[in-house]
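Written out below as structure tokens is the structure these notes cover.
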Amino acid sequence: LRAGLIDGARYLKLLAKNWLGMLNMPGRYAQSVAQASFDAWGKYYRVDENTPNITVSYYSKGAMVALCLDLTLRRDGVGSLDDVMRSLWQDCASRYGTQAVHQGWPVTEALIQAHIQKMMPHQPADWWHSWVHGTDDLPIETLLQAMGIQSRFESQGLAHQWGLRLTEGPVTGCVIRSVLRDSGAQRTGLCAGDEIIAVNGWRIRRLEDAASVISPLAPVEFCVARGQRLLFLVAPEQAHATQLISSVNCAVEPIAADAMDEAKQAQELRQRWWGADSEHQG
């Protein structure tokens with residue numbers, strides 16, 4: 001962005017895509033980004049039907065942790081993530097010599113935390129543990145708001161509303177790949193590997209075909225093929241009414257100048273973050 005290879009609008013689309021990728025993983029409440037990095041070869045790269053429920057991408061969440069750190073430093077006027085990286089390089093060079101730094105001398109987690117804490121001494125000491133070792137959602141929306149950027153969440157299709165990941169086609173039919181934790185599909189009893197044959201008595205090939213026969217206030221009956229058996233599963237009342245965060249589409253965009261009391265300050269922060277010309281490219 002600051003190198004001028006993409007403009008602000010393109011950057012926000014990429015940011016929204018990465019953020020949504022993280023939100024689409026219920027496993028973010030079960031695994032921290034530190035655990036995800038440690039367990040990558042044992043869990044993340046060995047995908048099965050339960051992967052979305054027990055893991056989070058350390059690429060996606062790691063990038064969002066870095067974003068939160070950068071925006072917190074910029075919001076508080078104490079620097080940026082760039083400053084942290086420069087400080088680490090200078091410290092390691094003074095400790096071990098530039099030759100060792102270029103050869104990849106190890107940087108410990110404690111050293112990174114110490115350099116960050118030095119720049120933001122008034123930040124509660126447990127913030128690092130919360131973001132890196134915790135499973136709570138990150139304050140992304142609040143920090144983007146401080147930069148004059150708003151988030152919009154829009155409902156997606158039936159599969160997302162029910163917490164399903166599907167393989168659909170005219171030959172394969174509608175086959176469940178994953179059932180997300182705490183979803184309407186899980187409460188109904190749907191399982192990975194089930195083929196959804198019909199919804200409320202109507203034959204379907206794609207789940208969206210059932211949109212016209214599902215009412216928010218009426219029971220929903222799924223006819224599924226599980227192994228060699230046909231099962232009829234009735235969803236609990238309004239099972240799909242409690243939507244997961246993964247049932248939304250995320251977009252981020254600059255807030256209109258007249259929509260904020262502190263629009264000028266937020267715009268200045270955003271320009272320093274992006275680079276003065278980034279908003280006007282493209």
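The values are calculated or read from the model by the stated rules, or taken from the named source; none is laboratory data. Since the model is a prediction, treat every value here as computed from it, not as a measurement. Every residue, glycine among them, receives a Cβ derived from its backbone with ideal geometry; neighbour counts consider all protein chains shown. Ligands, DNA and RNA are stripped out before the accessible areas are found, and what is left, the full protein with its side chains, is counted by its heavy atoms. Shrake-Rupley method; radii C 1.70, N 1.55, O 1.52, S 1.80 Å.
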- Label-zone membership for the range 57-86, site LEU111, 7 angstrom Cα→C-beta point, backbone N under 18 Å: 82-86
- Task: Pop out the ³J(HN,Hα) list for the range 76-85 in order, Karplus 6.51 cos²θ - 1.76 cosθ + 1.60 with θ = phi - 60°, rounded to Hz; leave Gly and Pro as x.
- Result: 7, x, 10, x, 7, 5, 4, 5, 4, 5
- Note on the structure: Here FRET efficiency (C-beta to C-beta, ARG272 to ASP126, R₀ 22 Å, nearest 0.05) is 0.20
- Phi angles of the range 63-74, converted by Karplus (6.51 cos²θ - 1.76 cosθ + 1.60, θ = phi - 60°) into ³J(HN,Hα) in whole Hz with x for Gly and Pro, give 5, 6, 5, 4, 4, 4, 5, 4, 5, 5, 4, 5
- Task: Run the numbers on the range 124-210 and let me know its relative contact order in percent, using alpha-carbon pairs under 8 Å that are six or more apart.
- Result: 21 percent
- Relative to the present Cα-Cα distance, how much length would full extension add between LEU231 and TYR45 at 0.36 nm per residue of separation? 63.7 nm
- Note on the structure: Checking VAL220, VAL179, VAL78 against a Gaussian network model of the chain (alpha-carbon springs below 10 Å), the top fluctuating residue turns out to be VAL78
- Projected label distance in nm at ARG86 and ASP182, using a 7 Å step from Cα toward the beta-carbon: 4.2 nm
- Simple label model, 7 Å out from Cα along Cβ direction - VAL175 to GLU154, nm: 3.2 nm
- Rh (Kirkwood; distinct C-alpha pairs) - the range 1-121, Å: 16.6 Å
- Item | Solvent-accessible area per residue for the chain (1.4 angstrom probe, square angstrom) | 54 Å²
- Taking the chain and dividing mean pair separation by its residue count, relative contact order in percent (alpha carbons under 8 Å, at least six apart): 23 percent
- Message: Using Cα springs under 10 Å in a Gaussian network model of the chain, which residue among ALA218, ALA210, ALA34 shows the largest mean-square fluctuation?
- Response: ALA218
- Query: Using only Cα atoms, what Kirkwood radius does the chain have, in angstroms?
  - Reply: 21.7 Å
- Message: Let's test the formula: R0 of 22 Å, r as the Cβ-Cβ distance of SER215 and THR135. What FRET efficiency results, to the nearest 0.05?
- Response: 0.05
- If each K or R counts +1 and each D or E counts -1, the residues other than HIS115 whose Cβ falls under 13 Å of its Cβ total -1
- Using a 1.4 Å probe on the protein chains only, how many percent of the accessible area of the chain belongs to carbon and sulfur? 53 percent
